[in-house]
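Here is the structure we will look at.
Derivation of every value follows stated rules applied to the coordinates shown; laboratory data play no part. Please read all numbers here as calculations on a predicted model, not as lab measurements. Cβ coordinates were reconstructed from backbone atoms using ideal geometry, including for glycine residues, and neighbour counts include every protein chain displayed.
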Amino acid sequence: MTKEEGFSFDKIAEPYAKYREIHPGVLKSLLTRIDKNTKVLEIGCGTGNYIIALNLLKGCKAWGIDISKEMLSTAKKRESSVNFEVQDATKLDFPDEFFDFVFSVNVIHHIKDHQRYYREVYRVLKYGGVIVTVTDSEWILRNRRPLTLYFPETLDVDLKRYPPIEKLKGIMEEVGFHNIKEEMTEYYYYLTDISAYREKSFSSLNLISEDAFRKGIERMEEDLKKGPIPCVSRFTMLWGEK
């Protein structure tokens, strides 16, 4: 993760590790591009969900970086075979052409200088290497369920944070990536426990007013009395090659 004005991911490391789960569709897509000989880097790995899963399922050579020491402390306790390091996504401390595959999940909106970020990833990727940025499009943000539905104030917050997909594509092309492709993956489920929302394990919940947050929780509580809340988790996966 990266720092944002007035907010630190160190503060939510515990609930993040407890509640944030792997998106099945994202993991499935990542697995198709990796084998045991692949050198993989996850940018903004947080508590390590994805990079640990890839390492365990494929036996790949794995690295995960984040600027949150608390997040990485949890990740290191979970799996010792992954190389976890405190690093800035725009100043990667790796040699040129070192990795075969670099990815990030729900991180690009925390990075301020996208041009510098993509240049750094391009530098550390081998020729023929692959990058994938997993993020939210404007349509996904507007149709999030339950986050935008119960906490509509998060929409304005995130529309300002998340870069448009077309902008990211343009930067990738400028940097030198080619064969740029976009896909959307989605996962439907039912919510029976709102603890992840109560404990603000989603960063945008820490960026709205306490009044807006309280009202959203109250609406969720009322709907839960009627039964499980239908939800959908979607991501845009933006692929490119060096």
All positions within segment 188-209 that are loosely packed, with under 15 Cβ neighbours inside 10 Å, touching a residue at least 12 places away in the same chain (Cβ under 8 Å) and farther than 15 Å from T148 by Cα: Y188, Y189, Y190, T192, S195
The one condition in (1) in contact with a Ser or Thr (Cβ under 9 Å, 6 or more places away or on another chain); (2) without any contact (Cβ under 8 Å) to a residue 40 or more places away in the chain that L159 fails to fulfil: (1)
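For segment 16-82, which helices (runs of 4 or more DSSP H) that fit wholly inside it have 3 or more residues that are β-branched (V, I, T)?
Working: elements: 24-31, 49-58, 69-78.
The helices (runs of 4 or more DSSP H) meeting that bar number zero.
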I'd like the full set of residues that are assigned to a helix (DSSP H, G or I) and farther than 28 Å from F177 by Cβ, limited to segment 107-158. L147, T148, L149, Y150, E153, T154, L155, D156, V157
Out of the residues in segment 83-97 that are hydrophobic (A, V, I, L, M, F, W, C) and outside any loop (DSSP other than H, G, I, E, B), which is surrounded by the fewest Cβ atoms within 10 Å (Cβ to Cβ)? V86
From the option list L147, L168, L141, single residue qualifying as touching an Asp or Glu at 6+ places or on another chain (Cβ under 8 Å), surrounded by 12 or more Cβ atoms within 10 Å (Cβ to Cβ) and either on the phi < 0 side of the Ramachandran plot or of a type in the set (D, E) (or both) is L141
